[in-house]
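Nothing in this text is a laboratory measurement; each read-out follows from the coordinates by a stated rule. Worth saying up front: this structure is predicted, and the values here are computed from it rather than measured. Don't worry about glycine lacking a Cβ; one is built from the backbone with ideal geometry, like all the others, and counts go over all protein chains shown.
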Amino acid sequence: MNRNPVFEKLGRRLRLAVIGGGTGSFIGAMHRQAAVLDGRFDIVAGALSSRPEKSLNDGRQIGLPDDRIYSDALELIRLESARPDGAEVISIMTPNDSHYLYASAALEAGFDVICDKPMTNTLEDAESLNQLVDRTGLVFCLTHNYSGYPMVRQAREMVRNGSLGVVRLIQIEYVQGGKADENDPDPTDGNLPWRYDPVRGGPSLVMGDIGTHAHHLVRYISGLEVSELCAEIGAIVPGRKTHDFAGALLRFDNGARGCFWVTQAAAGVENCLRIRVSGTAGTIEWNQEIPGRLDFKPLAGPAEVRTPNGPGILPLAKRASRIVAGHPEGFHEAFANIYSDAAEVIAARRTGTEPDEAATTYPSVFDGLMGVRFVHDVIRSANGNGQWIRCTRDRTPSSSGTV
Ligand SMILES: NC(=O)c1ccc[n+]([C@@H]2O[C@H](COP(=O)([O-])OP(=O)(O)OC[C@H]3O[C@@H](n4cnc5c(N)ncnc54)[C@H](O)[C@@H]3O)[C@@H](O)[C@H]2O)c1
């Protein structure tokens, strides 16, 4: 474990239980590796599947004792909260429709929560979770893991320290090609994968999978909120029943303009999450596929490059870099930065100390709420044939938001 005053005071690791993430899952192993990378968590319990035999096998594979392996996540929450050595933090990596049920049950039982995105499928659940976190005072961290990259944090700090001047333009794209072919599962098949089922996957496949990541990255780096948008959403692959692309023009609360483009149907593209932020004094550009490079193009000088632990690195980015310059870090380490920041804030709360301010930029329940609102706003505008709408900002979803 890195030297850290909060953990020195706690004197041990936090006890974590995982819900979801069994063998064959996309993101489960990533969560578990991220949780333990900096030695701030021990994984002590799990419900890795709702199928008892699979959960038992998968739990054993990650080294859990049989009496800490569950197949019912609500039972895990109930029994772990009753044990003196029980888990203190619950991490949720199940299909989208179960996030609200497990997160709210865990918070009600006194656990701090780490949860994957999108936070919920419905606006009502997102609002309710936001209020529940407010009421309980517990930590809720949403794993928008791209905000854990050192160069994303550098970008945030460069916006905040004025290197770009006043932000005027933001372009965000999250382009993948995994759904470029036409072999979707048959919706009449009783075994439809959860992502393709709107009840389980949510109102939009592409927005749930990657749209909320892109939206969060914009807000994390720029510190701006989208105030108005006009959007189109749909399927570019003929016959597809779910959304595989969404595009929107954005107006930000400081008057800046932006554009947002996400798709999973761009043949041959892998995981191209790319952002450009331009201000009155310069532009920054970052591409997730080359995560250790941040381009800075000042208005009044030659183009520059920033790298993790390289010259010009700012404290928030340095804190997120584990190794000397030139030694690549990537997806795992960025994911771990989110876990480790959340761990510091959780440990601080439990020891009555203050976390380092720099630990507090992990995505919160409010960020999750804004993401779910954005999904619904994009759909609302698109359903109105791309009319400009005011984005949902207060606690009451706006039904008359057309500008
Ligand atoms: N942060 C990221 O970059 C990222 C990437 C991929 C997926 N995700 C999110 O992670 C979540 C899971 O996605 P995935 O692609 O890993 O899904 P997946 O279908 O590959 O895996 C889901 C896992 O959850 C388990 N599970 C399902 N219901 C359960 C229940 N009720 N109790 C316990 N276990 C249960 C399944 O057995 C499976 O192991 C989704 O919310 C998704 O949006 C996030």
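Computed quantities for the displayed model
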item	result
Cα pair distances exceeding 20 angstrom across the stretch 1-63, given as percent	32
Net lengthening on full extension, Arg83/Glu124 (0.36 nm per residue, minus Cα-Cα)	11.5 nm
Residues in the stretch 268-304 reached by a label modelled at Ala325 [backbone nitrogen below 20 Å; 7 Å Cα→Cβ]	284-287, 290-298, 301-304
For Gly282, distant residues with modelled amide H under 5 Å away	Leu299
Set of lysines with alpha-carbon distance to Lys179 below 16 Å, sequence-local pairs under 8 removed	Lys241
Normalised alpha carbon radius of gyration of the stretch 300-342 [divisor 2.2 N^0.38 Å]	1.31
By average C-beta atoms within 10 angstrom, highest first, the peptides 266-278, 102-114	102-114, 266-278
Calculated [θ] (222 nm, deg cm²/dmol) that DSSP helices of n ≥ 4 give over the chain, each run adding -39,500 (n - 2.57)	-9500 deg cm²/dmol
When the stretch 166-228 is reduced to its Cα atoms, the Kirkwood hydrodynamic radius in Å	14.1
Histogram of C-alpha separations across the stretch 1-138, 5 Å bin width, %	2, 11, 20, 23, 20, 14, 8, 2, 0
Packing rank of 178-188, 208-218, 45-55, where each peptide gets the mean count of other beta carbons within 10 Å, highest leading	208-218, 45-55, 178-188
Relative contact order, percent, the chain [alpha-carbon distance under 8 Å, six or more residues apart]	19
Equivalent ellipsoid dimensions for the chain as semi-axes, Å, which come from the Cα gyration tensor, largest first	32, 28, 20
Debye, to nearest 20: dipole size of the stretch 100-240, +1 on Lys, Arg Cβ, -1 on Asp, Glu Cβ	660
Inter-site label distance for Asp197 and Ala300 at 7 Å from Cα along Cβ, in nm	6.0
Mean separation of Cα contacts under 8 Å (6+ apart) over length of the stretch 81-235, as relative contact order %	23
Listed peptides 296-303, 139-146 by packing density, highest first (mean Cβ within 10 Å)	139-146, 296-303
Gain on full stretching of the segment that runs from Glu289 to Arg135 - 0.36 nm per residue minus C-alpha separation	51.5 nm
